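Asks: Here it is, the structure, as structure tokens.
The values are calculated or read from the model by the stated rules, or taken from the named source; none is laboratory data. Since the model is a prediction, treat every value here as computed from it, not as a measurement. Ideal geometry is used to build each Cβ from the backbone, glycine not excepted, and the neighbour counts take in all protein chains shown.
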Amino acid sequence: MEKLQQIRQTLEDIDARVPDALRVALGLGYRVSPTPAPGEDDDVADFAASLLQPPPTTEDGAGLDADDSGPTEPDAATSLAPTIDWASCYVPLHDHDAHFGNAKAGVLGVADGVGAYADYGVDAGAFSRGLMTSASVEVAGQEPGAHVCPSALLQRAYDETAASGATGASTAVILSLAGNALDWAYIGDSAFVVLRDSKIVFLSTPQRHLSRTTRAKLRFASTEARRKQHLFSSRDPTFQLSAKAVNSDRVSDAKSGQFAVRTGDVVVVGTDGLFDNILEEQLELAVQMGTKLGFSPKNMADIIAGVAYERSKQTRSRRLRKGKPDDITVLVAFIVQFDL
């Protein structure tokens, strides 16, 4: 797990990584280069539009879709196995977030300390750091090639952290690549999303102790997108893990499952500081443009964190509630293949 001084980046550094083309495409207010006068060509906007063009057509004129991109299973003759190429970006505000990643094991994790504990003079990041440190050490000690079960790993990390007497409480999400499947377990509102061909194909749903009002909103939500918007914007308390049984949900309450992935998929993992402050279409556009520009996972993590940070500063919006200043942790993993 990276130390804070290794992953801390000034907000100016992050802001400088967001090129004007992305700023225009994602609707991020001001831009670095001057806006052209009315009637003049806008090279930045034209470049942004070119990056968002649909896939090229084939010789017979038909467009390529996701099913035309090749086999979803590795070809046995090429002896390829899926793995991850990942990087992170952390924008601390209260410094309650923690994370880790292990490319060889194909495992990622994020945790978010519950900030309310800081009001009582408690280190609100202690439990999140304990969870991720314990999980990282456990994964590093696994036999090469051994599969890591996210639920079991979360349980072991919780047991060790609770036994240590760590203060506070935390949400958490752990992902583990197993062949062509992504195993996952999470508790609370730390979340992850899988994008394929720059479109969201899976987004985890926050766990909250819902009020009667929120339950009514969910019951009458017209679409699944509206349901998720209510859940992400809700101020109802999240599920959380703590050493104190009276304030803690159980690891057995965590959601878990498996999702089939393939080479070229992009996985984005983050705390609520990310998902409270970014629109799904903004995330898709950032991944689409980053893919076209050949971004590394680090480039993409920086860009996504920059978008979330700018949104967190907004006091009003026609599309969302006002931004939510918070720690922002972003992990980006490319599903890639390597020779066995």
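Asks: Quick check, is Gly306 touching a residue at least 60 places away in the same chain (Cβ under 8 Å), surrounded by 21 or more Cβ atoms within 10 Å (Cβ to Cβ) and either under 20 Å from Asp326 (Cβ atoms) or out of contact with any Ser or Thr (no Cβ under 7 Å at 6 or more places or on another chain) (or both)?
Replies: On the way: touching a residue at least 60 places away in the same chain (Cβ under 8 Å): yes; surrounded by 21 or more Cβ atoms within 10 Å (Cβ to Cβ): yes; either under 20 Å from Asp326 (Cβ atoms) or out of contact with any Ser or Thr (no Cβ under 7 Å at 6 or more places or on another chain) (or both): yes.
The answer is yes for Gly306.
Asks: For the subset of the range 107-124 comprising residues that are in a helix (DSSP H, G or I) and not aliphatic (A, V, I, L, M), which member is farthest from the chain's Cα centre (by Cα)? Explain how you work it out, then say what you get.
Replies: Start the filter on the range 107-124 by keeping residues that are in a helix (DSSP H, G or I), which leaves 115-120.
Then drop every residue that is not not aliphatic (A, V, I, L, M), which leaves 115, 117, 119-120.
Working: Gly115: 19, Tyr117: 24, Asp119: 27, Tyr120: 29 Å.
Per the criteria, the residue is Tyr120.
Asks: Ser252 is checked against (1) among the small types (Gly, Ala, Ser); (2) crowded, with 16+ Cβ neighbours inside 10 Å; (3) within 25 Å of Pro150 (Cα to Cα) and fails just one. What number does that condition carry?
Replies: For Ser252, the exception is condition (2).
Asks: Sticking with this one: Given the structure, is Gly257 among the small types (Gly, Ala, Ser) and assigned to a helix (DSSP H, G or I)? Walk me through it before giving the result.
Replies: On the way: among the small types (Gly, Ala, Ser): yes; assigned to a helix (DSSP H, G or I): no.
In short, no.
Asks: Based on this model, can you work out whether Phe202 counts as within 23 Å of Thr329 (Cα to Cα), surrounded by fewer than 20 Cβ atoms within 10 Å (Cβ to Cβ) and at pLDDT 95 or above? Break it down into steps so the answer makes sense when it comes.
Replies: Working: within 23 Å of Thr329 (Cα to Cα): yes; surrounded by fewer than 20 Cβ atoms within 10 Å (Cβ to Cβ): yes; at pLDDT 95 or above: yes.
Answer is yes for this residue.
Asks: Out of Gln240, Gln258, Gln207, report the one residue that is farther than 23 Å from His147 by Cα, under 17 Å from the mean Cα position of the chain (by Cα) and either modelled with pLDDT of 95 or more or surrounded by 19 or more Cβ atoms within 10 Å (Cβ to Cβ) (or both). Reasoning before the result, please.
Replies: Details: Gln240 fails: under 17 Å from the mean Cα position of the chain (by Cα); Gln258 fails: farther than 23 Å from His147 by Cα.
On inspection, the qualifying residue turns out to be Gln207.
Every residue, every condition in (1) among the small types (Gly, Ala, Ser); (2) touching a helix residue (DSSP H, G or I) at 6+ places or on another chain (Cβ under 9 Å); (3) closer than 16 Å to Trp184 by Cα, yes or no:
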site	(1), (2), (3)
Asp97	no, yes, no
Phe100	no, yes, yes
Leu108	no, no, yes
Val114	no, yes, no
Thr133	no, yes, no
Val139	no, yes, yes
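Asks: Only residues that are free of Cβ contacts under 8 Å to residues at least 60 places away in the same chain and either among the aliphatic types (A, V, I, L, M) or part of a loop (DSSP other than H, G, I, E, B) (or both): list them for the range 231-243, please.
Replies: Step one: list which residues in the range 231-243 are free of Cβ contacts under 8 Å to residues at least 60 places away in the same chain, which gives 231-232, 234-237.
Within the range 231-243, Leu231, Ser234, Arg235, Asp236, Pro237 qualify.
Asks: Assess whether Asp183 counts as being at pLDDT 95 or above, surrounded by fewer than 23 Cβ atoms within 10 Å (Cβ to Cβ) and more than 21 Å from Gln258 (Cβ to Cβ). Please lay out each step first, then the result.
Replies: Numbers: at pLDDT 95 or above: yes; surrounded by fewer than 23 Cβ atoms within 10 Å (Cβ to Cβ): yes; more than 21 Å from Gln258 (Cβ to Cβ): no.
No; evaluated as a whole, the condition is false for this residue.
Asks: Going through the range 271-301 one residue at a time, which ones are out of contact with any helix residue (DSSP H, G or I) (no Cβ under 8 Å at 6 or more places or on another chain), crowded, with 21+ Cβ neighbours inside 10 Å and of a type outside the set (A, V, I, L, M)?
Replies: Correct list: Thr271, Pro297.
Asks: Answer with yes or no whether Lys228 is surrounded by fewer than 18 Cβ atoms within 10 Å (Cβ to Cβ), among the basic types (Lys, Arg) and touching a residue at least 12 places away in the same chain (Cβ under 8 Å). Lay out the reasoning, then the answer.
Replies: Working: surrounded by fewer than 18 Cβ atoms within 10 Å (Cβ to Cβ): no; among the basic types (Lys, Arg): yes; touching a residue at least 12 places away in the same chain (Cβ under 8 Å): yes.
Answer is no for this residue.
Asks: Does the range 132-165 hold any residues that are of a type in the set (D, E, K, R) and within 14 Å of Gly101 (Cβ to Cβ), and which are they? Talk me through it step by step, then tell me what you get.
Replies: Residues of the range 132-165 that are of a type in the set (D, E, K, R), as a first pass: 138, 143, 156, 159-160.
Listed by number, the list holds a single entry, Glu138.
Asks: For the range 143-152, check the following and say yes or no: at least one residue is under 26 Å from Ala260 (Cβ atoms) and crowded, with 23+ Cβ neighbours inside 10 Å. Outline the logic, then answer.
Replies: Let us first name the residues in the range 143-152 that are under 26 Å from Ala260 (Cβ atoms), namely 143-152.
Filter once more, keeping what is crowded, with 23+ Cβ neighbours inside 10 Å: 150.
There is at least one residue in the range 143-152 that is under 26 Å from Ala260 (Cβ atoms) and crowded, with 23+ Cβ neighbours inside 10 Å.
Asks: Assuming Ala243 fulfils every condition listed in (1) touching a strand residue (DSSP E or B) at 6+ places or on another chain (Cβ under 7 Å); (2) small (Gly, Ala, Ser); (3) closer than 27 Å to Gly113 by Cβ apart from one, which condition is it?
Replies: (1)
Asks: Would you pick out the residues in the range 264-303 that are of a type in the set (S, T, N, Q), within 21 Å of Asp112 (Cβ to Cβ) and not in a helix (DSSP H, G or I)?
Replies: Going residue by residue through the range 264-303, those that are of a type in the set (S, T, N, Q) are 271, 277, 282, 288, 291, 296, 299.
Next, only the ones that are within 21 Å of Asp112 (Cβ to Cβ) stay: 271, 277, 282.
If the condition is that a residue be of a type in the set (S, T, N, Q), within 21 Å of Asp112 (Cβ to Cβ) and not in a helix (DSSP H, G or I), then Thr271, Asn277 are the ones that fit.
Asks: Related question: Mind checking which pairs have a first residue in the range 246-259 that is within 19 Å of Thr167 (Cβ to Cβ) and a second that is among the aliphatic types (A, V, I, L, M) and part of a loop (DSSP other than H, G, I, E, B), Cβ under 8 Å, 6 or more apart or different chains?
Replies: So the pair list comes out empty.
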